[in-house]
Ligand SMILES: [Fe+2]
């Protein structure tokens, strides 16, 4: 069900920073509430926050996550979970590898989430854009979920050829995407691909922290700070167990380790359990300054 032609695009025009971008809350209201608290502390208003999709999945509080984003009017691009839930589809459309642990567990969390969506929630999801465009410091930026044409395409830091192809197709100088769950920022030769990671699940780095990014622009240069977020992960794990959701993901919330790494390229799979460090990248077209 996931995939298909690109859906509607919304143009936001020029945005002044700072901007918070974040991946799917995945039904984890404790992480989403912590991010909103962090945003207030940083002086970032909800209209300067963008989510890369997959609002409701895996965790115990899908409806509160939808309500919070809707009430705050935070901008969201459609993830494959929203695409499936909007249609009241039978599966999440994550495109897990057949026979993998994640594939085996998907029906349990998806049906839990599906049962908690109201017609209004589904209508909100159906109206989400597949792509957001904006400019920052004259740089053309596109926000999508997975790939430009395939909403559930998994792309990782080392997929340079695929990232370059996607960026050329999208016609943007910088792309912000989600879906794959790991934060990274990759210069692909004149363009920059950024994934802020997932907000609702940790980054398979052996810590319960989740990740988001703070983006600022000054003097034609864009700075992306990949930042960890501590939150009350024990509360979320308790709720997941009380709800009868898969124990493997409750353990993931606590341990920071994914149930399986079948989807990960070799380098990312090898990095399992290695604590990620905050990263700040300053970039301007054709002049990337990395760590
Ligand atoms: Fe996704």
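What follows draws every value from the coordinates through simple rules; no lab data is involved. As the structure is a computational prediction, the values presented were derived from the model and not from experiment. A quick note on method: Cβ atoms are made from the backbone with ideal geometry, for glycine too, and the neighbour counts reach across all protein chains shown.
One table, with the values for the structure above:
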| quantity | calculated |
| --- | --- |
| Inter-centroid distance (Cα atoms) of region 58-133 relative to region 141-167, Å | 20 |
| Ratio Rg/Rh [Cα only; Rh per Kirkwood] for region 109-235 | 1.00 |
| Antiparallel content of DSSP bridges confined to the chain, in %, to 5 | 65 |
| Cα gyration tensor of the chain - equivalent ellipsoid semi-axes, whole Å, descending | 27, 20, 19 |
| Relative compactness, region 145-200, computed as alpha-carbon Rg over 2.2 N^0.38 Å | 0.99 |
| Calculated [θ] (222 nm, deg cm²/dmol) that DSSP helices of n ≥ 4 give over the chain, each run adding -39,500 (n - 2.57) | -9000 deg cm²/dmol |
| Residue 115-residue 70 pseudo-label distance in nm [points 7 Å out on the Cα-to-Cβ vector] | 2.1 |
| Spherically averaged projected area of region 161-291 from its Cα convex hull (nm²) | 8.8 |
| Gain upon complete extension [residue 235, residue 274; 0.36 nm per residue less C-alpha separation] | 11.6 nm |
| Mean separation of Cα contacts under 8 Å, 6 or more apart, over the residue count of the chain: relative contact order % | 21 |
| Mean Cα-pair separation over length for region 59-209, i.e. relative contact order, pairs under 8 Å, 6 or more apart, % | 18 |
